[in-house]
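Structure record follows, encoded as structure tokens.
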Amino acid sequence: MTTACCPGSFDPVTNGHLDVIERSCRLFDEVIVAVLENPSKRPLFTIEERMDMLREATSHLEPVKVSSFQGLVVEFCRQIGADAIVKGLRAVTDFDYEMQMAQMNARMGTETMFLAANPEYTYLSSSLMRDVVSLGGPIDGLVPDFVLKRLTAKLGK
Ligand code: PNS
């Protein structure tokens, strides 16, 4: 039984995240999507809202379970028995920070596997989606339709 941990803020989940989660399901028996609950950050969506959206968006993926965590991701991986952290790598701009975290996490006992982002989604990020919606721009096709509705309800003009 192999288990992947896909950690992130998911504020909100995008089609880029979902692409990485779906591809992880082809590589691992179980995929735990782990939403960071960081009391010092002020996310747009509450932890429950972020987890609800992820559950809805991954309901067709049998291996996926959605959880939340606080503190070190390696500690959470230890608790759930994850074999690896899986993350998407979008562009060179991600590289330095992701490399730093992967090396530190490896030192603390959990390896990271990177999936090259689908070229359709390399420019996507949750913060870009929030910005564009708050300025009245279109993001259909970049997040699930029900996520777009929730974003528009919170931020839309
Ligand atoms: O979606 P994000 O915000 O890019 O995800 C970042 C995340 C949650 C994966 C990263 O911040 C993280 O793993 N945080 C948990 C705290 C931790 O373990 N920090 C040390 C990493 S070396």
**Asked** Out of the stretch 53-157, which chymotrypsin sites (Phe, Trp or Tyr not before Pro) are coil in DSSP terms and have no more than 13 other C-beta atoms within 10 Å?
**Response** 123
**Asked** For the chain, what is the largest minus smallest coordinate of the Cα atoms on each principal axis, given in angstrom and ordered from greatest to least?
**Response** 46, 33, 32
**Item:** Label-point separation in nm, residue 23 to residue 61, each point 7 Å along Cα→Cβ
**Value:** 1.2
**Residue-wise HN-Hα coupling along the stretch 5-14, computed from phi with Karplus coefficients 6.51, -1.76, 1.60 (Hz; x: Gly, Pro)** = 10, 10, x, x, 8, 6, 10, x, 4, 10
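How much of the accessible area of the chain, probe 1.4 Å, is carbon plus sulfur, in whole percent? Please report the intermediate quantities before stating the final value.
Working: 4530 of 8660 Å².
Ligands and nucleic acids excluded, carbon and sulfur give 52 percent.
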**Message:** Taking just the alpha-carbon atoms of the stretch 63-155, what radius of gyration and Dmax come out, in angstrom?
**Reply:** 16.1, 44
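Under a 1.4 Å probe, what is the accessible area of the stretch 3-123 per residue, stated in Å²? Walk me through the numbers before you get to the answer.
Numbers: 6540 Å² over 121 residues.
Result: 54 Å² of accessible area for each residue.
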**Fill in**
A correct Karplus calculation of ³J(HN,Hα) over the stretch 99-112, with 6.51 cos²θ - 1.76 cosθ + 1.60, θ = phi - 60°, whole Hz and x for Gly and Pro, returns 5, 4, 5, 5, 5, 5, 5, 5, 4, 8, x, 10, 7, 10
**Asked** Once amide H atoms are placed 1.01 Å from N in the peptide plane, what residues at a sequence separation of 5 or more from residue 86, or on another chain, have their amide H within under 5 Å of its amide H?
**Response** 5, 6, 113
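Output the antiparallel fraction of DSSP beta bridges having both residues in the chain, as a percent to the nearest 5.
So the antiparallel bridges amount to about 0 percent of the total.
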**Prompt:** Using only helices, what value at 222 nm comes out for the chain when you add -39,500 (n - 2.57) per DSSP H run of length 4 or more and divide by the total residues, to the nearest 500 deg cm²/dmol?
**Reply:** -12500 deg cm²/dmol
**Request:** Could you work out how far apart the two model spin labels at residue 46 and residue 80 are, taking each label as a point 7 Å from the Cα in the direction of the beta carbon, and quote it in nm?
**Result:** 2.2
**Message:** If I model a spin label as a point 7 Å beyond the Cα along the Cα-Cβ vector, how far apart are those points for residue 93 and residue 131 in nm?
**Reply:** 0.7
**Prompt:** For the stretch 1-70, max minus min Cα coordinate along each principal axis, in Å, sorted largest first?
**Reply:** 34, 21, 16
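Could you calculate the contour length gain from residue 2 to residue 140, that is, 0.36 nm times the residue separation minus the distance between their Cα atoms, to one decimal place in nm? Mind showing how you got there, number by number?
Values: separation 138, 0.36 × 138 = 49.68 nm, distance 3.43 nm.
Once the chain is fully extended between residue 2 and residue 140, it gains 46.2 nm.
The values are calculated or read from the model by the stated rules, or taken from the named source; none is laboratory data. Just so we're clear, the structure is a prediction, and the values are computed from it rather than from any experiment. Backbone-built Cβ (ideal geometry, glycine too); neighbour counts: all protein chains shown. Ligands, DNA and RNA are excluded from the accessible area calculation, which covers all protein heavy atoms including side chains. Shrake-Rupley method; radii C 1.70, N 1.55, O 1.52, S 1.80 Å.
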